[in-house]
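A.B. asks: Input: one structure, supplied below.
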Amino acid sequence: MNIHIECMKEEYGVPVSQLLVQGFRSKFQFGTKMNDMKLQLLLEKMLVLDKQLGKGKRFVAVQESSVIGSFSIKFQEQVRNQHSSMTITELLSFWKGIKEVGLGNALGFSVRLICLNHRLRRGEVYISDLVVHERCHGSGVGKTMLEWAIGQAALQPGNQFVSLHVSDSNVGAKHLYERMGFRTLEIQNSTLLAWLIGEKKWNYMIYEG
């Protein structure tokens, strides 16, 4: 399988937001009446906001000019140098011009983003999200992206471990991470996340090489 990893580009905004809808619609649409089109619009805006604020470095997996996967990584140096911290006021200001999705949907989306945010520990490289096109599930795309992310983390001095969160219900992803050498460091229970996105139990997993 000929897959190459590229940095996120502006022209990838639509296909990446479509991938994120596929991967995370159940979480962001939980308890709402928001459809895929509105969620995709919010995700496109999120990608722009993340780039503007230095929230993470996003990469895409490309095969024959098609985007088949995407992931976002947070590095310690990047977090220290990011422009500002994410706040509900900042996000609402960004969303307020999006009449198509409605203020309630924009607010709910923003709150979910904030609650899913992870504060990095010393020496940590954090994979914020990882998604593979549904037609490519089980074909090794996720493994390729993880290997690339781990390799990039190893290139920078001071990085001690790679981490990610996976919901307890996502058994397939958890098994993939375990096969890649990740282990569960903590099992976290969140009543707030259960209420917001329907997922209470989360595995905080790390890879130490």
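A.B. asks: Report the normalised scattering of the chain as log10 I(q)/I(0) at q = 0.08, 0.10, 0.13 Å⁻¹, calculated by the Debye formula with identical scatterers on the alpha carbons.
C.D. replies: -0.26, -0.42, -0.74
A.B. asks: Right, something else. Compare the peptides 184-192, 10-18, 125-133 by average per-residue count of other Cβ atoms within 10 angstrom and give them in order, highest first.
C.D. replies: Peptide ranking by packing, descending: 125-133, 10-18, 184-192.
A.B. asks: What is the diffusion coefficient of segment 162-209 in µm²/s, taking the Kirkwood radius over Cα pairs and the Stokes-Einstein relation at 10 °C with a viscosity of 1.306 mPa s?
C.D. replies: The calculation lands on 146 µm²/s.
A.B. asks: Something else: So for segment 103-154, Kirkwood radius off the Cα pairs, Stokes-Einstein at 10 °C and 1.306 mPa s: how many µm² s⁻¹?
C.D. replies: D = 116 µm²/s.
A.B. asks: Could I ask something else about it? If you roll a 1.4 angstrom probe over the protein chains with everything in place, what fraction of the accessible area of the chain belongs to carbon and sulfur, to the nearest %?
C.D. replies: C and S fraction of accessible area: 51 percent.
A.B. asks: Report K57's accessible area, 1.4 Å probe, all protein chains in place, as a number in Å² to the nearest 10.
C.D. replies: In the full protein context, K57 sits at about 100 Å².
A.B. asks: Using Stokes-Einstein with the Kirkwood hydrodynamic radius over Cα pairs, what translational diffusion coefficient do you get for segment 112-209 at 25 °C and a viscosity of 0.890 mPa s, in µm²/s rounded to a whole number?
C.D. replies: It diffuses with D of about 172 µm²/s by this estimate.
A.B. asks: Karplus couplings for segment 151-161 from phi (6.51 cos²θ - 1.76 cosθ + 1.60, θ = phi - 60°), rounded to Hz, Gly and Pro as x?
C.D. replies: Once θ is set to phi - 60°, the couplings for segment 151-161 become x, 5, 4, 5, 6, 9, x, x, 6, 9, 7 Hz.
A.B. asks: Distance check, please: which entries in K33/K143; K51/K99; K74/K201 exceed 28 angstrom between their Cα atoms?
C.D. replies: K33/K143
A.B. asks: Please report, for the Cα atoms of segment 136-186, the Rg to one decimal and the Dmax as a whole number; what are they, in angstrom?
C.D. replies: In Å, with Rg to one decimal and Dmax whole: 11.8, 34.
A.B. asks: With +1 on the Cβ of every Lys and Arg and -1 on the Cβ of every Asp and Glu, and nothing else charged, how large is the dipole of the chain about its Cα centre, in debye rounded to the nearest 20?
C.D. replies: So the dipole magnitude of the chain works out to roughly 480 debye.
A.B. asks: Go ahead and estimate [θ] at 222 nm for the chain from helices alone: -39,500 (n - 2.57) per DSSP H run with n ≥ 4, summed, over the residue count, rounded to 500.
C.D. replies: One gets -13500 deg cm²/dmol as the mean residue ellipticity at 222 nm.
A.B. asks: Starting from the Cα coordinates of segment 1-79, work out the convex hull volume and express it per residue in Å³.
C.D. replies: 107 Å³
A.B. asks: Still on this structure, please answer the following. Any idea of the accessible area per residue across segment 101-209, 1.4 Å probe, to the nearest Å²?
C.D. replies: That works out to 52 Å² for each residue.
The values are calculated or read from the model by the stated rules, or taken from the named source; none is laboratory data. Bear in mind the structure is a predicted one, so any value in this text is a computation, not a measurement. Because the Cβ atoms are built from the backbone with ideal geometry, glycine has one as well, and the counts that use them run over all protein chains shown. Side chains included, ligands, DNA and RNA excluded: accessible areas come from the protein's heavy atoms. Shrake-Rupley method; radii C 1.70, N 1.55, O 1.52, S 1.80 Å.
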